[in-house]
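Structure record follows, encoded as structure tokens.
The values are calculated or read from the model by the stated rules, or taken from the named source; none is laboratory data. Because the structure is a prediction, the values reported are computed rather than measured. Methodologically, a virtual Cβ is constructed for each residue, glycine included, from the backbone with ideal geometry; neighbour enumeration extends over all protein chains shown. Quick note on the areas: whole protein, heavy atoms, side chains included, nothing else; ligands and nucleic acids left out. Shrake-Rupley method; radii C 1.70, N 1.55, O 1.52, S 1.80 Å.
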Amino acid sequence: MGQEQAVKSSDTAARAGQSRPDELVPSRYAVRVGDIDVLVISDGVLEPPAESMATNADPATRDAWLDTMFLPHDTFDWALNAVVVRSGSQTILIDSGIGGEVPDFPRAGQFGHRLAAAGVDLETVTDVVLTHMHFDHVGGLLVDGVKERLRPDLRIHVSAAEATFWEAPDFSRTGMPPALAEVARSAATRFLKEYRHQLQTFETEQEVAPGVVVARTGGHTPGHSVVRITSGKDRLMFGGDAIFPVSFDHPEWHNGFEHDPEEATRVRLRLMRELTETGAWLVSTHMPFPSVGRVAASGDLFRWVPAWWDY
Ligand SMILES: [Zn+2]
């Protein structure tokens, strides 16, 4: 089967919400953090416009970087990952993929059927943690039929600042295409309408389960948060949208989806320094699947050190 054909048939299956036992690439990757199980699930790949990767770099510099990555100059590939965490008796989803929010990104939106293929029933999920409320993180919860399958006592943890921000969002500092800003506004509005009564908001941080702590960083969005998972000597951070693939070469580049790009850069540098010092694993929404690695200091820059595939 050619790649194009494989992509097309998986797209059809994704829309139908079916599991595809014959998927040609792995879509889940398990990590143990002490007594806590972490499962990374790929939602697929987004294709945002290249301008949104670096709104403060001149186009020639940006194009040169894209060339080094063998990427075209118009759009770039951006992985999309979400995570399932099992700690004690709790099953926690961190983010939920893009769902059907952007039909122009046909390679993404696969979280639902891949979650099922990984043996995770929505009925067993006790908690959802949202790093923030952009459409590629809440979209999976807006897919038809999903809410009905979730437990009525499901807790959805999100920072109070994030929930407040999306009541009247400000896009003035972002560099995303207007159509995607509209998708962001619409998805967050529908999410709040559907799930408002299940929100468990926190100000700075919240222990969601033993060893699983969500903490607000701000920057990317005012309430953007990361999740730190600790058990025994093992540590892992789910970094959400604080650190991108390009951040290792250009941590100072402003991403078009950042609502406060200067603060997002400060947050990024602080978290990257923390990761070099602690040696914690990083799983990051938009790093290539399985998105598990460590951050090493390399002179003034940082280096991504991918995990050896193992379990
Ligand atoms: Zn994102």
Task: Neighbours by Cβ (under 6 Å, 6+ apart or cross-chain): first from the range 118-146, within 11 Å of the ligand (Cβ to nearest atom); second open to solvent by 10 Å² or more (accessible area, probe 1.4 Å) and among the aliphatic types (A, V, I, L, M) - done: PHE135/VAL183
Open item on the list: Show the residue pairs meeting these rules: Cβ distance below 6 Å; 6+ apart or different chains; first residue within the range 283-297 and within 12 Å of ALA307 (Cβ to Cβ); second residue assigned to a loop (DSSP other than H, G, I, E, B) and away from the ligand (no atom under 16 Å from the Cβ).
Closed with: VAL292/ALA307; GLY293/ALA307
- [ ] Return yes when ALA160 is on the phi < 0 side of the Ramachandran plot, away from the ligand (no atom under 16 Å from the Cβ) and not aromatic (Phe, Trp, Tyr) and no when it is not.
- [x] yes
Open item on the list: If I filter the range 104-111 for residues that are crowded, with 22+ Cβ neighbours inside 10 Å, more than 16 Å from the ligand (Cβ to nearest atom) and within 22 Å of PHE238 (Cβ to Cβ), do I get at least one hit?
Closed with: no
Task: Candidates ASP260, ASP241, filtered to the one that is at pLDDT 95 or above, closer than 25 Å to ARG114 by Cβ and either within 13 Å of the ligand (Cβ to nearest atom) or more than 16 Å from the chain's Cα centre (by Cα) (or both) - done: ASP241
Task: Filter result (within 26 Å of ILE98 (Cβ to Cβ), over 15 Å from the mean Cα position of the chain (by Cα) and open to solvent by 50 Å² or more (accessible area, probe 1.4 Å)) within the range 268-311 - done: TRP281, TRP304, PRO306, TRP309
- [ ] Kindly indicate whether HIS250 is crowded, with 17+ Cβ neighbours inside 10 Å and more than 16 Å from the ligand (Cβ to nearest atom).
- [x] yes
Task: Test result for PHE191, within 16 Å of the ligand (Cβ to nearest atom) and within 30 Å of LEU71 (Cα to Cα) - done: no
Task: Flag for SER42 being of a type in the set (Ser, Thr, Tyr) and either at pLDDT 95 or above or away from the ligand (no atom under 15 Å from the Cβ) (or both) - done: yes
Open item on the list: I'm trying to understand the selection: among the residues of the range 32-90, which are in contact with a strand residue (DSSP E or B) (Cβ under 9 Å, 6 or more places away or on another chain), open to solvent by 40 Å² or more (accessible area, probe 1.4 Å) and assigned to a loop (DSSP other than H, G, I, E, B)?
Closed with: ASP35, GLU47, ASP74, ASP77, GLY88, SER89
Task: Cross-chain or 6+ apart pairs with Cβ under 8 Å, the range 207-220 first and on the phi > 0 side of the Ramachandran plot, then among the hydroxyl-bearing types (Ser, Thr, Tyr) and open to solvent by less than 10 Å² (accessible area, probe 1.4 Å) - done: GLY211/SER87
Open item on the list: Can you list the strands (runs of 3 or more DSSP E) lying wholly within the range 122-202 that have 1 or more residues being β-branched (Val, Ile, Thr) and open to solvent by less than 10 Å² (accessible area, probe 1.4 Å)?
Closed with: 127-129, 155-159
TODO: Determine which single condition ILE229 fails, assuming it passes every other condition in (1) within 16 Å of the ligand (Cβ to nearest atom); (2) outside any loop (DSSP other than H, G, I, E, B).
DONE: (1)
TODO: Any chance you could count how many residues in the range 27-62 are without any contact (Cβ under 8 Å) to a residue 12 or more places away in the chain and of a type outside the set (Ser, Thr, Tyr)?
DONE: 3
TODO: Evaluate the range 187-195: report whether one residue or more is without any contact (Cβ under 8 Å) to a residue 40 or more places away in the chain and of a type in the set (Phe, Trp, Tyr).
DONE: no
